[in-house]
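The values are calculated or read from the model by the stated rules, or taken from the named source; none is laboratory data. Predicted model only: the values in this text are computed from it and were never measured. Reconstructed Cβ throughout: ideal geometry from the backbone, glycine too, with neighbour counts over all protein chains shown.
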Amino acid sequence: MSAPQRDLPVTSRTIPAQRPPQRAATLDAPPDSGARHRRAHRGDWILLTWCVLLTAVVLGPLARPGYVLSYDMVAVPDQALLPSSVGLSSAMPRAVPLDAAVALLDSTLTGQVLQKLALAGIVLAAALGAGLALPKVRTGTRLVAASVFTWNAYVFERLVIGHWPTLIAYAALPWLLILGRRVRQGRTTALAPGLLVVAVASLTPTGGLLAGALFGVLVLAPGGRHTRLVRVVSTTAVLALQAPWVVPSVLRPDAAVSDPAGVAAFAAASDSPLGLAGSVLTLGGIWNDGAVPGSRALPSALVLTAVLLVLAVLGATELRRHLGRAELAVLGGLAAVGLVVAFSSALPGGDAVLEWLVSEVPGGGLIRDGQKFLAWYALLVALAAAAGAARLARAATNRHTAVAVTLVAALVPVAALPDLAWGAAGRLEPSRYPAEWSDVRATLRDASADADGAGGADGDLVILPYQPFRRFPWAGNRTVLDPAPRFLGVEAVVPDALPVGGAVIAGEDRRAAEVAAALDDPDSDARRAALAALGVGWVAVERDTPGALPDGLVESLESVETNGTLDLYRIPGEIGTWTRIPPAPPVIVADIVFSVILVGASADVARNAFLRRRRSLRSQVS
């Protein structure tokens, strides 16, 4: 019996198998490889399209020319880089280093374009980040997460009240969850983008707390595969990124504490028939009645909002299938902290604790408006609601029913809050500044340039009526923080005593309070001398807004430009200098540290992106 064929020896006469040419191998490749790639990424394109659509529906009016002015939201054509932009002034550094960043960016982009790009970026990033935050889920589940996180009362109320810097941090949260997850998995390349996102969110103190806490605690939580060095570097960087506002707050000559009366004034309030608890749990409850969406009182809105909460409860246990134990613990813990802070004034003894923190602990005033810390809870609700929708879809009898359940869940947030559409139902309509404002700005800048060239100083600006908020006919008579201090491009003394609900919350700026006292002096000569001694050399009067003017003041000043809309006057005589500000060297060092981290993280992100692109091109060639 002959041996099996496989046992025959291979001799030199054996003809080797011929390798097909490379071109033949390419031709023999599956013709649908590109189609498989497109199918794999079809869900990403669907999610991106949905997020762009949500952004367009929310911010549609911003396509028109003009600046959106609403409560604290102020944008001007060309914001100047001033000492106060980095915290070198008597005022509390609430917009530090945000004002410096805006001043630098709008030297390249106009203020109008910058504002619209920022708002669109916030909404789009929030939606897309939430849609990508749950790993390995279907596209429909991602759409639900994007809708719930973007279309809710928190976003509406913070947009209308003008807290867009807080919304930068809000939009950053899902991305920080994703990047923190990657760092914990040992992917050190995710550290630089994580720090970059934290830096952008830390342009204001509240944003720094919201973003830094999530990323910092997530990286520090035990159980990850990242090294101790990564933990130390990330923690140090996150803390250092808060230096631009921490350093001037700590080193200012006057204590960085606030009026305890602000605790009751800024406490979360009921904005729906659900009461305080129901309002906060459904991501509302802002203290300002003027920022509440009207649909919150509709029975249909209450039902649909309750449906979202039911979905979130249904999906809470499902989150354990999608998020790691540490991720869920950190996000859940921060969400609980946010709820406690939001409810704190209503808890037994909570108002007393808050009043002590605000009046005794430097920086404690940040927690007066506790409702803004619901941002962590909002992300948890969005992800849980998406998981709940996915659970219902899996229980459907057929594929068509499952798709219908998912689409309905994605549309429920929109139906529950219809007035978020089209610029918060018209509240975010763009406005245009009067031409007279530009004339006064040019006059002031020319005068300041002449004074600097002569080695002197003309002093700072005070704007009358001496009150923080305005109503202008050319801005739809909406309440808005006076934009003139930023518009006019010179240092200004801005009143920070806030009228809230019939009460006045005392400010923290001693110079602003002394200016107010000087303006109340009935003696014109004494009043003028007091203003000059406080370093005030200019007075501007806004004629088209409600408010009282000190009797006889403008008559005692030198008229520079009067147009009936924004009049400018000079205080004659020698102008003093206000010196009670934080020391410059440590403040500048804090800004340099922030800049080094920001630039270093950006460079590392760009380098890694370039390397990935080069590797991708090489793999395609080979």
Looking only at region 119-151, and only at residues there that are out of contact with any Gly (no Cβ under 8 Å at 6 or more places or on another chain) and outside any helix (DSSP H, G or I), the one that is modelled with the lowest pLDDT: K136
Residue list for region 346-375, restricted to those being buried (at least 23 other Cβ atoms within 10 Å of the Cβ), in a helix (DSSP H, G or I) and not aliphatic (A, V, I, L, M): G365, G370, Q371, K372, F373
So, in region 575-612, how many residues would count as being without any contact (Cβ under 8 Å) to a residue 24 or more places away in the chain and over 30 Å from the mean Cα position of the chain (by Cα)? 2
Is it the case that L196 is part of a helix (DSSP H, G or I) and assigned by TED's automatic domain parsing to the domain that holds A346? yes
Residue that is farthest from L331 (Cα to Cα) [pool: residues in region 91-118 that are among the small types (G, A, S) and not in a helix (DSSP H, G or I)]: S107
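Does at least one position in region 477-485 carry a residue that is within 25 Å of R427 (Cβ to Cβ), free of Cβ contacts under 8 Å to residues at least 24 places away in the same chain and under 35 Å from the mean Cα position of the chain (by Cα)?
Of all residues in region 477-485, those within 25 Å of R427 (Cβ to Cβ) come to 477-485.
Filter again for free of Cβ contacts under 8 Å to residues at least 24 places away in the same chain, leaving 477.
Now narrow it down to the ones that are under 35 Å from the mean Cα position of the chain (by Cα): 477.
For region 477-485, residues within 25 Å of R427 (Cβ to Cβ), free of Cβ contacts under 8 Å to residues at least 24 places away in the same chain and under 35 Å from the mean Cα position of the chain (by Cα): present.
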Odd one out for H322, checked against (1) modelled with pLDDT under 95; (2) surrounded by fewer than 18 Cβ atoms within 10 Å (Cβ to Cβ): (2)
Out of everything in region 39-71 that is in a helix (DSSP H, G or I) and of a type in the set (S, T, N, Q), what residue ends up being surrounded by the fewest Cβ atoms within 10 Å (Cβ to Cβ)? T49
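Is it the case, given these coordinates, that V440 is part of a strand (DSSP E or B) and either touching a strand residue (DSSP E or B) at 6+ places or on another chain (Cβ under 7 Å) or at pLDDT 95 or above (or both)?
Values: part of a strand (DSSP E or B): no; either touching a strand residue (DSSP E or B) at 6+ places or on another chain (Cβ under 7 Å) or at pLDDT 95 or above (or both): yes.
So V440 does not fit the description; no.
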Only one of these conditions is not met by P468: (1) assigned by TED's automatic domain parsing to the domain that holds S258; (2) in contact with a Leu (Cβ under 9 Å, 6 or more places away or on another chain); (3) without any contact (Cβ under 8 Å) to a residue 40 or more places away in the chain. Which number is it? (1)
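Search region 333-345 for residues being hydrophobic (A, V, I, L, M, F, W, C) and over 13 Å from F266 (Cβ atoms), and hand back the single one that is surrounded by the most Cβ atoms within 10 Å (Cβ to Cβ). Spell out the reasoning first.
To start, the set of residues in region 333-345 that are hydrophobic (A, V, I, L, M, F, W, C) comprises 334-337, 339-343.
So of that shortlist, the ones also over 13 Å from F266 (Cβ atoms) come out as 334-337, 339-340, 343.
On the way: L334: 22, A335: 20, A336: 13, V337: 14, L339: 19, V340: 13, F343: 19.
The qualifying residue surrounded by the most Cβ atoms within 10 Å (Cβ to Cβ) is L334.
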Of V86, V102, which residue is at pLDDT 95 or above, β-branched (V, I, T), over 23 Å from V280 (Cβ atoms) and not assigned by TED's automatic domain parsing to the domain that holds P293? V86
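Okay, residues lined up against (1) among the basic types (K, R); (2) under 19 Å from I122 (Cα atoms); (3) surrounded by 24 or more Cβ atoms within 10 Å (Cβ to Cβ):
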| site | (1), (2), (3) |
| --- | --- |
| L134 | no, no, yes |
| L143 | no, yes, yes |
| T150 | no, yes, yes |
| G180 | no, no, yes |
| G186 | no, no, no |
| T189 | no, no, no |
| A201 | no, yes, yes |
| T204 | no, yes, yes |
| A213 | no, no, no |
All-but-one check, T236 against (1) surrounded by fewer than 16 Cβ atoms within 10 Å (Cβ to Cβ); (2) within 30 Å of V86 (Cβ to Cβ); (3) touching a residue at least 12 places away in the same chain (Cβ under 8 Å), failing number (3)
If I filter region 90-97 for residues that are without any contact (Cβ under 8 Å) to a residue 40 or more places away in the chain, touching a Pro at 6+ places or on another chain (Cβ under 6 Å) and within 29 Å of V233 (Cβ to Cβ), do I get at least one hit? no
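From the set of residues in region 105-118 that are of a type in the set (A, V, I, L, M, F, W, C) and modelled with pLDDT of 95 or more, which is nearest to P244 (Cα to Cα)?
Going residue by residue through region 105-118, those that are of a type in the set (A, V, I, L, M, F, W, C) are 105, 109, 113-114, 117-118.
Next cut, modelled with pLDDT of 95 or more only: 105, 113-114, 117-118.
Values: L105: 18, V113: 26, L114: 22, L117: 24, A118: 21 Å.
It comes out as L105.
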Restricting the first residue to region 547-560 and requiring it to be closer than 18 Å to G537 by Cβ, which pairs with a second residue that is in a loop (DSSP other than H, G, I, E, B) and of a type in the set (A, V, I, L, M, F, W, C) meet a Cβ separation below 8 Å and a spacing of at least six or different chains? L557/I571; E558/I571
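Could you identify the single residue in S602, S595, S616, S556 that is in the same structural domain as D458 (by TED's automatic domain parsing) and among the polar types (S, T, N, Q)?
Values: S602 fails: in the same structural domain as D458 (by TED's automatic domain parsing); S595 fails: in the same structural domain as D458 (by TED's automatic domain parsing); S616 fails: in the same structural domain as D458 (by TED's automatic domain parsing).
Every option except S556 fails the conditions.
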Is it the case that region 389-411 has a residue that's assigned to a helix (DSSP H, G or I), at negative phi, assigned by TED's automatic domain parsing to the domain that holds E561 and in contact (Cβ under 8 Å) with a residue 60 or more places away in the chain? no
As an exercise: evaluate Y569 against (1) touching a residue at least 60 places away in the same chain (Cβ under 8 Å); (2) under 28 Å from S438 (Cβ atoms) and give the number of the one condition it does not meet. (1)
Could you give every pair whose Cβ atoms fall below 7 Å, whose first residue belongs to region 201-230 and is of a type in the set (F, W, Y), and whose second residue is in a helix (DSSP H, G or I) and modelled with pLDDT of 95 or more, counting only separations of at least 6 or pairs across chains? F215/L176; F215/G180; F215/G194; F215/V198; F215/V238
Condition met for L88 (touching a helix residue (DSSP H, G or I) at 6+ places or on another chain (Cβ under 7 Å) and not in a helix (DSSP H, G or I)): yes
Filter pass, L379 being hydrophobic (A, V, I, L, M, F, W, C), in a helix (DSSP H, G or I), surrounded by 19 or more Cβ atoms within 10 Å (Cβ to Cβ) and at pLDDT below 95: no
Expected single match for in contact (Cβ under 8 Å) with a residue 24 or more places away in the chain, at negative phi and in contact with a helix residue (DSSP H, G or I) (Cβ under 7 Å, 6 or more places away or on another chain) among A518, A503 is A503
For the structure I just gave you, tell me whether A192 is more than 23 Å from Y377 (Cα to Cα), touching a residue at least 24 places away in the same chain (Cβ under 8 Å) and of a type in the set (A, V, I, L, M). yes
